[in-house]
Amino acid sequence: MFLKNVWYVAGPSSDFGEDVVSRRICDRPVAFYRKSDGSIAALHDRCPHRFVPLSMGQREDDSLRCGYHGLRFGPDGVCDDKPAGDQENPAKICTQHFAVEERYGYAWIWMGEAENAKPAMIPDFSFITSGEFKCEAGYLKVQGHHELITDNLLDLSHVNYLHPQISGGSHWSEWDNRVEVDGNTVWSRLSRPNQKPGAFQKMLWGSDSERGDGRGDVRWDAPSVLYANTAITEVGADIETSGFHTPSAHFLTPETATSTHYFWVTGRNMAKDDEKVSAMMEKGVGEVFETQDGPMVEAEQEAMGNSTDFLAHKPLILKADAAGIRARRILRKLIRDEQETEGSTAVQEVVE
Amino acid sequence: MFLKNVWYVAGPSSDFGEDVVSRRICDRPVAFYRKSDGSIAALHDRCPHRFVPLSMGQREDDSLRCGYHGLRFGPDGVCDDKPAGDQENPAKICTQHFAVEERYGYAWIWMGEAENAKPAMIPDFSFITSGEFKCEAGYLKVQGHHELITDNLLDLSHVNYLHPQISGGSHWSEWDNRVEVDGNTVWSRLSRPNQKPGAFQKMLWGSDSERGDGRGDVRWDAPSVLYANTAITEVGADIETSGFHTPSAHFLTPETATSTHYFWVTGRNMAKDDEKVSAMMEKGVGEVFETQDGPMVEAEQEAMGNSTDFLAHKPLILKADAAGIRARRILRKLIRDEQETEGSTAVQEVVE
Amino acid sequence: MFLKNVWYVAGPSSDFGEDVVSRRICDRPVAFYRKSDGSIAALHDRCPHRFVPLSMGQREDDSLRCGYHGLRFGPDGVCDDKPAGDQENPAKICTQHFAVEERYGYAWIWMGEAENAKPAMIPDFSFITSGEFKCEAGYLKVQGHHELITDNLLDLSHVNYLHPQISGGSHWSEWDNRVEVDGNTVWSRLSRPNQKPGAFQKMLWGSDSERGDGRGDVRWDAPSVLYANTAITEVGADIETSGFHTPSAHFLTPETATSTHYFWVTGRNMAKDDEKVSAMMEKGVGEVFETQDGPMVEAEQEAMGNSTDFLAHKPLILKADAAGIRARRILRKLIRDEQETEGSTAVQEVVE
């Protein structure tokens, strides 16, 4: 059960060009290609005639021709050429098309009806393109339900245990921990004045201070699009405008119910021109996800079998789960509301 | 759901000799071996005692001895030797046996009760053994329901798109297209007078004519046994008795509900002694099936999941699907009739 | 459906040391480790918080710390340390722990509530450690339900067919064959006076006699723990106290419903110091299981699909199946009784 009327990251803009790329999102195959005007077309990658992927066919101008029996579809999903001699009106033959927006270096796809797409709903990730931060990016596939990764990111208490090499000297429970809900957005905010920088911060902060004021914020938006920022600044300074910041983006796009495309970006405002640091961060962050978080989430999914109903397994709830539970509830409500709306629409159609 | 009272091709005669061959047909494992009189025995490859394949045991004369506890079965499926000292009457211990007919160089198996087998129901493929044609043959396994391949063969409109290298200069829609139903046999007949030969025909026809009368016929019999013939002759000549003909056989035998044994034969009445042409045809036809039709059908099956109920997926129906739909309806009816007959038999048995 | 209140072999004692070993038993992952007092701890290998295996975490003294969010569990399954600052009382956080007994060189695990474990229920395998026999041991994984292997061992009529290389000159039906049920223990007893020794016995018996009195006993205890002994002695001598004996143990521990850990031990009271004989037996017995019994049982399971309900497949029942059927009935009854007891307990709890 996926939320449809929301934006999912389909991939970095650079993934999409003239060649057709097929990528499964919310368990639907989608064919992406860049049109002659430079924008990205996205079609349900399935011919309505024999269900084969349109991406197995050929691109013709801004259209896709099915490689089996030759039906051709425009970027609006409407058939614009069909085998001559057939009785069908091509304009009545369709495959679903999706709205795509490019922002912050990524292509975002709206999985509901394209005409309902609301670009204003794309959450703010301007740190990626603002120039203020040097960013590294990566991708991994996780064999687990996307919310299990959301849980991981909204509960940083795991850093002490799963990532001892990057955790600071202090235990997360010594930090002030606040959960804020703002509409459908959830914030998990950690802060601690006058604490020792972690090993990684020490290296790049660029300050000789033995202590600083620390911050660790994570923001969630439906369905599983997260922003995080870890920061340290001089004791008493304004952490909003000073210090060492490492904002990051975590775009979790369900491939299927139990597998997730994980696109990540991590930025820094120190040592921005140091290529060694860039290489270290790209490799280091990728390794943390691939060898620590990924396997742990996959073990969790495996223990749940193919189930995606985490709560049905009656997990023990700890204090640190507060943000994850809020996010889970909001997503459940959004999906339920969406289904009810579709349900009532269906009823109206019957009445007409 | 498979039709039982019908002939399936088990394989070329040369596949079956003294050694026991196990092949899954209609999702039943069958053990084949050639008896001392040269005919082929076919037993349900499953001992009724512990269900293990009889083909894991030993052949003894014309019987098969189970390799686990020694029950032995004759080619009629009746136990003809059992562990001494047991109380059971061996003649009451049975595994199903199947009727096998060899014709046109292939072994045909009747999947219903052997005593009901009707050899006269084997469709005509005399082109293979008539001597009139030089034939090449091959095999591939397709991970798709057999009717999806039937659809492929009964709708040659795909040739223009899936096999551009062998399609002629004209589009299939320019051909006269007729579907004929004769009892339980379906014919899809394409014809076009005064047209340009295709590239392949040009090479082998043996005529310098720039144009000829063309023909493309496909015949279907249940469950999925197809004959096809593509021909070209001089304009105005009798195409039945002259010109270049390339008859072919397509024996589609379900292995399971979603995988199919595809045995094919392709013949030609020109350049019959040219070994280079023979090699080219064997390689070329095999490659077309393995790299073009096979992957497309497998993509179609994959898009349908494990489902075999094609119509439940609400496909768009085009004019070129007419023959495939007829074949599908006939097979459905034959299966339904067979099940009703079995049902009424069962009732009678209860009455007795 | 597994019997819980019974002993299963988890593995040879030497498998378990300081490092945590995770092994799936009755479809539950279990984490084993040897405590500082030398005894073996066994915990359900699943943290109640996020379900990940505790074996992915770290051992701390006699406890296991979860590698995800740091909950720590003692060998009694009770949480003994948790992330500081949490509101939960750690003593209320538990994972199941299991009783483990070491006997005869093997670790036995009781899959029911640890406090109900009855060490006296471990069947007698003192031949392994008595010193009277030189023993070899091995392990294989069989992709089949454990009762299919029980059937194999309780019906030695298969030896003539599946292991012709080790069967004697006589057919099993020439032996006296008795099935005895003693409480929940089943014995299958074969005996034959004045018969020729088999090839293997001839080599090691150490007697020049052309004939001897033979014995072949197999004992079953729930769920699938078997003892076997094949013996030969001089005609008329007391076979209990003389002759060549090859006792063996067959510990069949369900991994899942359709896969089984098979731990085996085979002993001999002749040529005990001959290392060549030891090597031959270790290799020979292992090969018999891996290349003959294992594949046959796996073929049987495959023919049954994923089903574990053997009788639902309506097997032919032969005289030699008598012992296997008794064992199957007893296990069914034990499981049913256990479920009814659990059911009535549940009712009482409701009444309270």
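The values are calculated or read from the model by the stated rules, or taken from the named source; none is laboratory data. Everything numeric here is computed off the predicted structure, so don't read it as measured data. Neighbour counts are summed over all protein chains in view; Cβ atoms, including those assigned to glycine, are modelled from backbone coordinates with ideal geometry. Quick note on the areas: whole protein, heavy atoms, side chains included, nothing else; ligands and nucleic acids left out. Shrake-Rupley method; radii C 1.70, N 1.55, O 1.52, S 1.80 Å.
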(request) Restricting attention to the range A:272-296, report how many residues are part of a helix (DSSP H, G or I) and either surrounded by 14 or more Cβ atoms within 10 Å (Cβ to Cβ) or not assigned by TED's automatic domain parsing to the domain that holds A:His261 (or both). (result) 16
(message) Can you tell me which of (1) farther than 28 Å from C:Thr185 by Cβ; (2) surrounded by 24 or more Cβ atoms within 10 Å (Cβ to Cβ) is the one C:Val30 doesn't meet?
(response) (1)
(message) Tell me which strands (runs of 3 or more DSSP E) are completely within the range C:162-231 and hold 3 or more residues being away from every other protein chain (no Cβ under 14 Å) and touching a residue at least 60 places away in the same chain (Cβ under 8 Å), or say none if there are none.
(response) C:185-195, C:212-221
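Quick check on the range C:115-159: of everything there that is in a loop (DSSP other than H, G, I, E, B) and hydrophobic (A, V, I, L, M, F, W, C), which residue is farthest from C:Leu334 (Cα to Cα)?
Looking only at the range C:115-159, we keep the residues that are in a loop (DSSP other than H, G, I, E, B), and these are C:117-118, C:122-125, C:129-133, C:143-145, C:155.
Next, only the ones that are hydrophobic (A, V, I, L, M, F, W, C) stay: C:117, C:122, C:125, C:133.
On the way: C:Ala117: 16, C:Ile122: 16, C:Phe125: 22, C:Phe133: 33 Å.
Per the criteria, the residue is C:Phe133.
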(request) Search the range B:298-323 for residues that are under 23 Å from B:Val186 (Cα atoms) and in the same structural domain as B:Thr258 (by TED's automatic domain parsing) and pair each with any residue that is open to solvent by 40 Å² or more (accessible area, probe 1.4 Å) and aromatic (Phe, Trp, Tyr) when their beta-carbon atoms are under 7 Å apart and the residues are at least 6 apart or on different chains. (result) none
(message) Return the residues of the range B:100-114 that are in contact (Cβ under 8 Å) with a residue 24 or more places away in the chain, open to solvent by 20 Å² or more (accessible area, probe 1.4 Å) and part of a strand (DSSP E or B); say none if nothing qualifies.
(response) B:Val100, B:Glu101, B:Glu102
(message) Looking at C:Phe310 and the list (1) open to solvent by less than 10 Å² (accessible area, probe 1.4 Å); (2) at pLDDT 95 or above, which single condition is not satisfied?
(response) (2)
(request) Test each condition in (1) within 13 Å of another protein chain (Cβ to nearest Cβ); (2) modelled with pLDDT of 95 or more; (3) farther than 19 Å from B:Tyr8 by Cβ for B:Thr256 and report the one that comes out false. (result) (3)
(request) Inspect the range C:193-214 for any residue being under 24 Å from the mean Cα position of the chain (by Cα) and either crowded, with 18+ Cβ neighbours inside 10 Å or closer than 16 Å to C:Val235 by Cα (or both) and give the result as yes or no. (result) no
(request) Output the residues belonging to the range A:127-137 that are open to solvent by 20 Å² or more (accessible area, probe 1.4 Å), closer than 17 Å to A:Val9 by Cβ and in contact with a Phe, Trp or Tyr (Cβ under 7 Å, 6 or more places away or on another chain). (result) A:Ile128, A:Thr129, A:Ala137
(message) Can you tell me how many residues within the range B:40-90 are touching a Ser or Thr at 6+ places or on another chain (Cβ under 9 Å), free of Cβ contacts under 8 Å to residues at least 40 places away in the same chain and outside any loop (DSSP other than H, G, I, E, B)?
(response) 8
(request) For the range A:145-161, enumerate the residues that are farther than 30 Å from A:Ser242 by Cβ, within 11 Å of chain C (Cβ to nearest Cβ) and open to solvent by less than 30 Å² (accessible area, probe 1.4 Å). (result) A:Leu148, A:Asp151
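Under the condition of being at the interface with chain C (Cβ under 9 Å from one of its Cβ atoms), at negative phi and touching a helix residue (DSSP H, G or I) at 6+ places or on another chain (Cβ under 6 Å), which residue from the range B:57-78 is surrounded by the fewest Cβ atoms within 10 Å (Cβ to Cβ)? Break it down stepwise before answering.
The initial filter retains those residues of the range B:57-78 that are at the interface with chain C (Cβ under 9 Å from one of its Cβ atoms), namely B:57-58, B:65-71.
Going one step further and asking which of them are at negative phi, we end up with B:57-58, B:65-69, B:71.
From what is left, the residues that are touching a helix residue (DSSP H, G or I) at 6+ places or on another chain (Cβ under 6 Å) are B:66-69.
On the way: B:Cys66: 28, B:Gly67: 22, B:Tyr68: 27, B:His69: 28.
The qualifying residue surrounded by the fewest Cβ atoms within 10 Å (Cβ to Cβ) is B:Gly67.
Restricting attention to the range B:323-341, and to residues there that are open to solvent by less than 40 Å² (accessible area, probe 1.4 Å) and within 24 Å of A:Gly70 (Cα to Cα), which single residue is farthest from the other protein chains (Cβ to nearest Cβ)? Can you show your working first?
So the first thing to find is which residues in the range B:323-341 are open to solvent by less than 40 Å² (accessible area, probe 1.4 Å), and the list is B:323-324, B:327-328, B:330-331, B:335, B:338.
From what is left, the residues that are within 24 Å of A:Gly70 (Cα to Cα) are B:323-324, B:327-328.
Values: B:Ala323: 14, B:Gly324: 10, B:Ala327: 15, B:Arg328: 13 Å.
This residue is B:Ala327.
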